[in-house]
Amino acid sequence: MPEFLNLLDLGPLSYEDGLERQYAIHSEVASNHRSPTVLLLEHSPVFTAGKRSEEHELPNDGTAVIQTNRGGKITWHGPGQLIGYPIMRLPQPIDVVGYVRWLENVLIDVLRKFNIESKTVEGRSGVWVDGINGDEKIAAIGIRVSEKITMHGFALNVNNSLEPYEKFIPCGIDDAGVTTMSKVLGHE
């Protein structure tokens, strides 16, 4: 993976504006007019459904859901959540699963700096912590690779509300919980 990435901290941004920005940067990276770049931002509240989302997993209260071209299933983005969109060329031969594992390890390293012990769970993407009632997801990952360049990325739950997760089946997983860094640490 790249040793240096441009970092663009965009702050709060709608999902649609973030997606437009991703496409523009993706095109620049693909044409070698920009080096690998990571967008860091926070979205206004939105549900997004990846290509594998199933109808029964979606919100049952009529809440709007944006269909995306990323992998994975449905998730929520909103205030208090750090969104990261790495846009970079994957090494050859392309190993999409290896890239997801790399992202997971980057997030595990970041969480360790905040004294949060996290892990991966076999057969499931994302980053997890041990909760009172079992595994709890603290970071979701959903990606797309186009022209050998990555798009979309991760959502790290920092101090966001967990109430939206009660409206749907997060990432299609109904036998595990969701948590935030603030909840794990016991403070904001």
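Does the stretch 94-103 include one or more residues that are in contact with an Asp or Glu (Cβ under 8 Å, 6 or more places away or on another chain), open to solvent by less than 80 Å² (accessible area, probe 1.4 Å) and either within 19 Å of ILE173 (Cβ to Cβ) or part of a loop (DSSP other than H, G, I, E, B) (or both)? Checking the stretch 94-103: not a single residue is in contact with an Asp or Glu (Cβ under 8 Å, 6 or more places away or on another chain), open to solvent by less than 80 Å² (accessible area, probe 1.4 Å) and either within 19 Å of ILE173 (Cβ to Cβ) or part of a loop (DSSP other than H, G, I, E, B) (or both).
Looking at this structure, is LYS119 closer than 23 Å to LEU39 by Cβ, free of Cβ contacts under 8 Å to residues at least 12 places away in the same chain and either among the basic types (Lys, Arg) or touching an Asp or Glu at 6+ places or on another chain (Cβ under 6 Å) (or both)? If you could, list the steps in order and put the result at the bottom.
Working: closer than 23 Å to LEU39 by Cβ: no; free of Cβ contacts under 8 Å to residues at least 12 places away in the same chain: yes; either among the basic types (Lys, Arg) or touching an Asp or Glu at 6+ places or on another chain (Cβ under 6 Å) (or both): yes.
Judged against the criteria, LYS119 is not a match.
Out of all the residues in the stretch 24-46, is one or more among the polar types (S, T, N, Q), under 18 Å from ASN160 (Cβ atoms) and touching a residue at least 12 places away in the same chain (Cβ under 8 Å)? Checked against the condition, which is being among the polar types (S, T, N, Q), under 18 Å from ASN160 (Cβ atoms) and touching a residue at least 12 places away in the same chain (Cβ under 8 Å), the stretch 24-46 yields at least one hit.
In the stretch 50-72, the residues that are on the phi < 0 side of the Ramachandran plot reach residues that are surrounded by 11 or more Cβ atoms within 10 Å (Cβ to Cβ) and among the polar types (S, T, N, Q) with C-beta atoms within less than 6 angstrom, at least six apart or across chains, in these pairs: GLY50/THR68; ILE66/THR48; THR68/THR48. Contact map, the stretch 169-188: first residue farther than 13 Å from ASP130 by Cα and polar (S, T, N, Q), second residue modelled with pLDDT of 95 or more and not in a helix (DSSP H, G or I), Cβ cut-off under 7 Å, separation 6 or more or different chains; pairs are SER182/VAL158; SER182/ASN159. Just so you know, in the stretch 110-140 the residues that are open to solvent by less than 20 Å² (accessible area, probe 1.4 Å) and of a type in the set (A, V, I, L, M, F, W, C) include one that is nearest to THR180 (Cα to Cα), and it is ILE138. Between GLU104, GLU122, GLU166, the distinction of being at pLDDT 95 or above, of a type outside the set (Val, Ile, Thr) and within 28 Å of HIS56 (Cα to Cα) belongs to GLU104 only. Evaluated against (1) within 14 Å of the chain's Cα centre (by Cα); (2) part of a helix (DSSP H, G or I), ARG112 falls short on exactly one condition, (1).
The values are calculated or read from the model by the stated rules, or taken from the named source; none is laboratory data. Computed from a predicted structure; not experimentally measured. FYI the Cβ positions are ideal-geometry reconstructions off the backbone, even for glycines, and counts take in every protein chain you see. We work out accessible area using only protein heavy atoms, side chains counted, and drop any ligands, DNA or RNA first. Shrake-Rupley method; radii C 1.70, N 1.55, O 1.52, S 1.80 Å.
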